[in-house]
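The values are calculated or read from the model by the stated rules, or taken from the named source; none is laboratory data. Here the structure is a predicted model, which means the values were calculated and not measured. Please note: Cβ atoms are built from the backbone with ideal geometry, for glycine as well, and neighbour counts cover all protein chains shown. Keep in mind that these areas ignore ligands, DNA and RNA; they rest on the heavy atoms of the full protein, side chains included. Shrake-Rupley method; radii C 1.70, N 1.55, O 1.52, S 1.80 Å.
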Amino acid sequence: FALIVLSGAALYFMTPEERKRLAHKILSAGRAGAYAVTHPAKADDPFGQLLRERTRLAIVTPLLVAANVAMFVMMLSGPGSFGDPQTAIEWGANFAPRTTNNEWQRLIVSTFVHAGLLHLLATIVGFLPLGLILERIVGRVTFASIYLAAGALGSLVSLWTTEPTSVTYGASAAVFGIYGLLLSTLIWTVVERPPVSVPLRAI
């Protein structure tokens with residue numbers, strides 16, 4: 001929210017020429033990103049070749065994003081409001097009296113529950129670009145396992161560190177688990193010195 005307010009203020013104080021230059025840069029970056037997504041890497045690109053050999057397409061990342069969006073749409077069309085903790089509990093949020101009463105699936109389900117559109121967008125923006133590359137590097141099973149395990153562990157920790165009546169949800173722990181996987185991958189490339197490492201541009 002703060003970033004949106006600051007961005008709006010910056011746009012307000014810009015001159016028309018500065019706004020035009022900014023729009024041109026954004027469009028150029030968008031075109032470059034769209035080209036990178038729609039055009040495969042060159043045959044002589046070792047990193048692109050490594051990705052193709054290990055995992056040709058990222059499947060888990062789009063499925064996880066779709067699951068988060070689907071949960072949000074179902075909550076949006078269902079009864080109750082996003083501001084009401086009871087609504088989040090009914091959709092699977094982590095709530096100690098129910099989670100510890102044989103509803104342990106909430107440790108995972110709560111990672112797909114979001115408080116609103118901004119919460120969902122923050123999750124997608126923080127997860128999608130990294131996931132599309134990292135999933136192909138480490139493999140689908142490893143990637144999905146780390147995402148779900150980190151989310152469940154974050155939910156479990158919140159049971160111990162928050163009030164018993166607190167309601168917790170969101171994919172923050174799962175997303176940070178993926179960033180931890182990225183960090184461990186980068187450390188591995190420094191220690192083991194593999195023939196092909198993740199290029200700085202990709203990072």
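Looking at (1) small (Gly, Ala, Ser); (2) surrounded by fewer than 22 Cβ atoms within 10 Å (Cβ to Cβ); (3) within 30 Å of Arg52 (Cβ to Cβ), find the lone condition where Ser172 falls short. The number of the failed condition is (3). A Cβ distance below 9 Å, combined with a sequence gap of six or more or placement on separate chains, defines the contacts here; from the range 164-175, residues that are within 10 Å of Ala150 (Cβ to Cβ) reach residues that are open to solvent by 20 Å² or more (accessible area, probe 1.4 Å) and among the aromatic types (Phe, Trp, Tyr) in the pairs Ala171/Phe112. Looking at the range 96-104, can you tell me whether even one residue there is surrounded by fewer than 19 Cβ atoms within 10 Å (Cβ to Cβ), of a type in the set (S, T, N, Q), at positive phi and assigned to a loop (DSSP other than H, G, I, E, B)? Yes: one or more hits.
Pairing each residue of the range 54-81 that is in contact (Cβ under 8 Å) with a residue 12 or more places away in the chain and in a loop (DSSP other than H, G, I, E, B) with any residue that is of a type in the set (Val, Ile, Thr) and surrounded by 14 or more Cβ atoms within 10 Å (Cβ to Cβ), provided the two are 6+ apart or on different chains, yields no C-beta distance under 6 Å.
From Tyr147, Tyr179, which residue is open to solvent by 60 Å² or more (accessible area, probe 1.4 Å), in a helix (DSSP H, G or I) and at pLDDT 90 or above? Talk me through it step by step, then tell me what you get.
On the way: Tyr147 fails: open to solvent by 60 Å² or more (accessible area, probe 1.4 Å).
Answer to the check: Tyr179.
Of the listed requirements (1) open to solvent by 50 Å² or more (accessible area, probe 1.4 Å); (2) over 16 Å from Ala70 (Cα atoms); (3) not hydroxyl-bearing (Ser, Thr, Tyr), Leu117 misses just one: (2). Only residues that are open to solvent by 50 Å² or more (accessible area, probe 1.4 Å), under 17 Å from Phe72 (Cα atoms) and outside any helix (DSSP H, G or I) were counted across the range 105-114, and they come to 0.
When the range 121-134 is filtered for residues that are at pLDDT 90 or above and either outside any helix (DSSP H, G or I) or surrounded by 20 or more Cβ atoms within 10 Å (Cβ to Cβ) (or both), the ones remaining, listed by number, are Thr123, Phe127, Gly131.
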